[in-house]
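The structure appears right after this line, and notes come after that.
The values are calculated or read from the model by the stated rules, or taken from the named source; none is laboratory data. Keep in mind that this is a model prediction, so the values were computed, not measured. Here Cβ is always computed from backbone atoms with ideal geometry, including for glycine, and neighbour counts include all displayed protein chains.
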Amino acid sequence: MIKLYDNGVYLVNGIKIVEDNAEAVQALSAECGKAPAKEEAAKGTMAYKILEAHNTSDDMQNLHIKFDKLASHDITFVGIIQTARASGLEKFPVPYVLTNCHNSLCAVGGTINEDDHMFGLSCAKKYGGMYVPPHQAVIHQFAREMFAGGGRMILGSDSHTRYGALGTMAMGEGGPELVKQLLNRTYDIAMPGVVAVYLTGRPQKGVGPQDIALAIIGAVFGNGYVNNKVMEFVGDGIANLSADYRIGIDVMTTETTCLSSIWTTDSEIKEFYEIHKRPEDYKELKPDRIAYYDGMVYVDLSEIKPMIAMPFHPSNVYTIDELNENMMDILDDVEKKALVSLGNNDINYTLKDKVRNGRLYVEQGVIAGCAGGGFENICDTADILRGKYIGADEFSLSVYPSSQPVFMELVKNGAIADIMATGATVRSAFCGPCFGAGDVPPNNGLSIRHSTRNFPNREGSKVTNGQIASVALMDARSIAATAANQGALTSAMNIDADFKKPKYFFDSTIYENRVYNGIGKPQPDAEVRFGPNIKDWPVMSALTDNMVLKVVSEIHDPVTTTDELIPSGETSSFRSNPLGLAEFTLSRKDPAYVGRAKAVQLAEKARAAGEDIFAACPEIEEIFGKINEKFSSKPEKTQIGSLIYAVKPGDGSAREQAASCQKVLGGFANIAKEYATKRYRSNLINWGMLPFLFEEDALPFENGDYIFIKDIKSAVVNKEDTIKAYVVNKGMKEFELKLGRLTDDERDIIVKGCLINYYRSQMEAEA
């Protein structure tokens, strides 16, 4: 089904695969007349050419990227614009679209969600941006319809910013990276590796894009095969996939932890741009005659069957047939994995109670968002459900078209009526089910979803309140098949359906009549509208020569997601209030974290204010006494804060708040064995936090210990990678930390204390 190559590969004429070994390369040399240089052939990838076109440095190994366009939604754009305003923003220098698809429902905190929307509209007017009102489109569908373009690069403040199927290299990052673009700075990264994803064959009837995506995720996530690399989709199988189908695979590449994606383009994508009235934005993309890749994921589409990603990760995959045939064994394995994800909470987790007469029954189905809400997915859903009903018992089905134009066409062609006649409900464009702000299942419930993630609590339950529910990811077609059997888990290959494949017609008047387009037309005199929940970032101090950090949380899960660092769901309404949101930090993983961090922060607040540090935090006096038995470190000139340890933090969402909430509470560092994603590590750096690495299993410290780091400022400035640290309350036990690769700008940001301070210092220097 899927093969991962052990070595790099040469791709010849987009078809022939030559593995990077002596014998194969010699044969390729004979065929080509000379041995292809690996470094030169690497320039033949589509990814290299797009990165080269957007790189502003003279060094292709260290890229300084300027993006063509930016995109944010309503739980990120307030913080981004507030940061940019504090750093000197005058106008949006590139097209910037502000969508409102996450905090669309005003059910939490009174008016604060709509206040954020009005803030966005006023900023689009003042700084020259585009504003998409709530319920019009989810961020990524709007970008596909209106923003993507062949050979372009788009940066979005949402992790699923992926438009590679349309020939656009898109990346999802934390908000500070968008701030840099808004201030005419660059996105600085080392040249990423590029891995080919070779698609061949044709999918079987009933197999959808989510099935292909889950199969790929299952093959590459655990081994990090594409981690922080670009996935470049090639092969003869692409021609057998519609544009919608390619998009459905592409959006899920985020769950592999890759950096970005890009696909070869053809007449199918050309037609997509024509349908959306932007034919000039199409560009044919393909690799050069010989292109070298750092690896290859070989996918035979014809061998993939309907898949299911069981709780609590998109990589926990099985075929639906395999699950049905080995149900109790697989459910037993899921329960064992759940113990790791759910920690020590007093939860009796099981899915075995959902097995009746040898069938697994689920309580809920959801088809939604940037992954599931596409036109073709919903049309195929209607074809499977036509003439059937979902029953009047526990099972429910909700369908969310990804945009109003898609919704309108589904109304016109009758698909919506067919779906509603079954008892299912159809909603407006909204991302809520994807992060726990809509369609929360009952306690102990199991929801099957064509959405992007199934992390713990992602569906909205709260383990710390004794609640637990589960999400399994599936394709819309198998969800429809399950709905047709009133909740009994069913593969779409095991149900008869005639897929009519109606043509899509895009009606742009919906957007023309409702979307505010001020791109290139800033109104400097326009007033920014602030709601009472929108707060400025608190003042953040610069790095001092030495640091004292208390370990206030210790997480030993194999992977820690950003959902666990700062929960989504109802907390999203507070993302425009840094102090208010910070109260939820680690609330579903380590509820005592906030109190511990704030207790230490009292010392730093007193230090910054020139007040009595020891009175503010009495235990600090004893700590400094022990430090000064060996070293000289004055408390008033030593930064005092907290840190967390996690094995591999940062999987999942791009949300900067996973880092900024720690900083707001006085967090100055993370220590990790490795960081799950580049974007989380970047978020730490942009908020002035030290991204320490400690690769050994046995830790020299534990929760509650104080760590003294001498000459840390000097180490950062002088580009020292190895840092000496001391566990104060364990006899000043010495151990070593590493910082990993940091650019000069990143070092300066850490020294200044955060990105805001960094830009403010530049403005002052220029003045």
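Out of all the residues in segment 173-197, which are closer than 30 Å to Ile15 by Cα, in contact with a Leu (Cβ under 8 Å, 6 or more places away or on another chain) and at pLDDT 95 or above?
Within segment 173-197, Met191, Pro192, Ala196 meet the criteria.
With the structure loaded, tell me whether Lys91 is surrounded by fewer than 23 Cβ atoms within 10 Å (Cβ to Cβ) and assigned to a helix (DSSP H, G or I) or whether it fails that test.
In short, no.
Give the residue, chosen from Ala599, Ala592, Ala616, Ala582, that is out of contact with any helix residue (DSSP H, G or I) (no Cβ under 9 Å at 6 or more places or on another chain) and more than 27 Å from Pro93 (Cβ to Cβ).
Ala592
Under the condition of being basic (Lys, Arg) and either closer than 24 Å to Asp380 by Cα or crowded, with 24+ Cβ neighbours inside 10 Å (or both), which residue from segment 441-486 is nearest to the chain's Cα centre (by Cα)?
The extreme case among them is Arg453.
For every residue, the table says whether it meets (1) within 30 Å of Ala137 (Cβ to Cβ); (2) out of contact with any helix residue (DSSP H, G or I) (no Cβ under 7 Å at 6 or more places or on another chain); (3) hydrophobic (A, V, I, L, M, F, W, C); (4) surrounded by 14 or more Cβ atoms within 10 Å (Cβ to Cβ).
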| residue | (1), (2), (3), (4) |
| --- | --- |
| Met1 | no, no, yes, yes |
| Asn13 | no, yes, no, no |
| Val25 | no, yes, yes, yes |
| Pro36 | no, no, no, yes |
| Leu51 | yes, yes, yes, yes |
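With Ala658, Ala608 as the choices, which residue is over 28 Å from Ser72 (Cβ atoms) and either under 26 Å from the mean Cα position of the chain (by Cα) or of a type in the set (A, V, I, L, M) (or both)? Reasoning before the result, please.
Numbers: Ala658 fails: over 28 Å from Ser72 (Cβ atoms).
On inspection, the qualifying residue turns out to be Ala608.
State which residue is nearest to Arg655 (Cα to Cα) when the search covers only segment 714-726 and only residues that are touching a residue at least 24 places away in the same chain (Cβ under 8 Å) and either surrounded by fewer than 19 Cβ atoms within 10 Å (Cβ to Cβ) or among the β-branched types (Val, Ile, Thr) (or both).
Checked segment 714-726; the qualifying residue nearest to Arg655 (Cα to Cα) is Val716.
Val539: over 21 Å from Asp244 (Cα atoms), touching a Phe, Trp or Tyr at 6+ places or on another chain (Cβ under 8 Å) and in a loop (DSSP other than H, G, I, E, B), yes or no?
In short, no.
Being β-branched (Val, Ile, Thr) and either surrounded by 19 or more Cβ atoms within 10 Å (Cβ to Cβ) or out of contact with any Asp or Glu (no Cβ under 6 Å at 6 or more places or on another chain) (or both) is the filter here; which residues of segment 107-132 pass it?
Correct list: Thr111, Ile112, Val132.
Considering segment 401-414 alone, what residues qualify as being crowded, with 20+ Cβ neighbours inside 10 Å and touching a residue at least 40 places away in the same chain (Cβ under 8 Å)?
Within segment 401-414, Ser402, Ser403, Gln404, Pro405, Val406, Glu409 qualify.
In segment 224-247, what residues are surrounded by 21 or more Cβ atoms within 10 Å (Cβ to Cβ) and under 16 Å from the mean Cα position of the chain (by Cα)?
Hits for segment 224-247 are Val226, Lys229, Val230, Met231.
Just to be sure, is Asn348 outside the structural domain of Ile216 (by TED's automatic domain parsing) and not in a loop (DSSP other than H, G, I, E, B)?
For Asn348, the condition - outside the structural domain of Ile216 (by TED's automatic domain parsing) and not in a loop (DSSP other than H, G, I, E, B) - is not met.
If Thr257 meets every condition in (1) under 23 Å from Met153 (Cα atoms); (2) in contact with a strand residue (DSSP E or B) (Cβ under 6 Å, 6 or more places away or on another chain) apart from one, which number is that one?
Evaluating Thr257 over (1) under 23 Å from Met153 (Cα atoms); (2) in contact with a strand residue (DSSP E or B) (Cβ under 6 Å, 6 or more places away or on another chain) leaves (2) as the failure.
Among the residues of segment 673-709 satisfying the criterion of being crowded, with 19+ Cβ neighbours inside 10 Å and of a type in the set (Gly, Ala, Ser), which is nearest to Asn628 (Cα to Cα)?
Going through the qualifying residues, I end up with Gly688.
Determine if segment 494-505 includes at least one residue that is touching a Lys or Arg at 6+ places or on another chain (Cβ under 7 Å), crowded, with 16+ Cβ neighbours inside 10 Å and either touching a residue at least 60 places away in the same chain (Cβ under 8 Å) or assigned to a loop (DSSP other than H, G, I, E, B) (or both). Walk me through how you get there before you give the answer.
Just the residues of segment 494-505 that are touching a Lys or Arg at 6+ places or on another chain (Cβ under 7 Å), to begin with: none.
No, segment 494-505 has no match at all.
Which pairs turn up if I take residues in segment 670-695 that are under 24 Å from Glu255 (Cβ atoms) and in contact (Cβ under 8 Å) with a residue 40 or more places away in the chain and look for partners that are assigned to a strand (DSSP E or B) and of a type in the set (S, T, N, Q) with beta carbon separation below 7 Å, at least 6 apart in sequence or on another chain?
If the second residue must be assigned to a strand (DSSP E or B) and of a type in the set (S, T, N, Q), the pairs left are Pro691/Asn670.
Only strands (runs of 3 or more DSSP E) wholly contained in segment 585-697 count here; list those with 2 or more residues that are of a type in the set (S, T, N, Q) and over 30 Å from Pro314 (Cα atoms). Don't jump to the end; show me each part of the working.
Values: elements: 638-646, 649-651, 667-672, 690-693.
Of the strands (runs of 3 or more DSSP E) lying wholly inside segment 585-697, those with at least 2 residues that are of a type in the set (S, T, N, Q) and over 30 Å from Pro314 (Cα atoms) span 638-646.
Between a first residue in segment 1-13 that is closer than 11 Å to Tyr225 by Cβ and a second residue that is in a loop (DSSP other than H, G, I, E, B), which pairs have beta carbons less than 9 Å apart while being 6 or more apart in sequence or on different chains?
As it stands, the answer is Ile2/Ile304; Leu4/Asn223; Leu4/Tyr225; Tyr5/Asp20, since those pairs meet every condition given.
I'd like to know if segment 546-554 contains one or more residues that are more than 30 Å from Glu274 (Cα to Cα), at pLDDT 90 or above, assigned to a loop (DSSP other than H, G, I, E, B) and out of contact with any Asp or Glu (no Cβ under 9 Å at 6 or more places or on another chain).
no
Looking at Ser104, Ser72, which one is touching a His at 6+ places or on another chain (Cβ under 8 Å) and buried (at least 20 other Cβ atoms within 10 Å of the Cβ)?
Ser104
For segment 108-138, give me the residue count where each residue is part of a helix (DSSP H, G or I) and either polar (S, T, N, Q) or in contact with a helix residue (DSSP H, G or I) (Cβ under 7 Å, 6 or more places away or on another chain) (or both).
Residues in segment 108-138 being part of a helix (DSSP H, G or I) and either polar (S, T, N, Q) or in contact with a helix residue (DSSP H, G or I) (Cβ under 7 Å, 6 or more places away or on another chain) (or both): 7 in total.
Listed residues Ile534, Ile510; which is more than 21 Å from Pro314 (Cα to Cα) and part of a helix (DSSP H, G or I)?
Ile510
Of all residues in segment 3-49 being part of a helix (DSSP H, G or I) and charged (D, E, K, R), which is nearest to Asp288 (Cα to Cα)?
Out of the qualifying residues, it is Lys43.
Looking only at residues in segment 198-223 that are buried (at least 21 other Cβ atoms within 10 Å of the Cβ) and among the β-branched types (Val, Ile, Thr), which one is farthest from Gly14 (Cα to Cα)?
Taking the candidates together, the pick is Val207.
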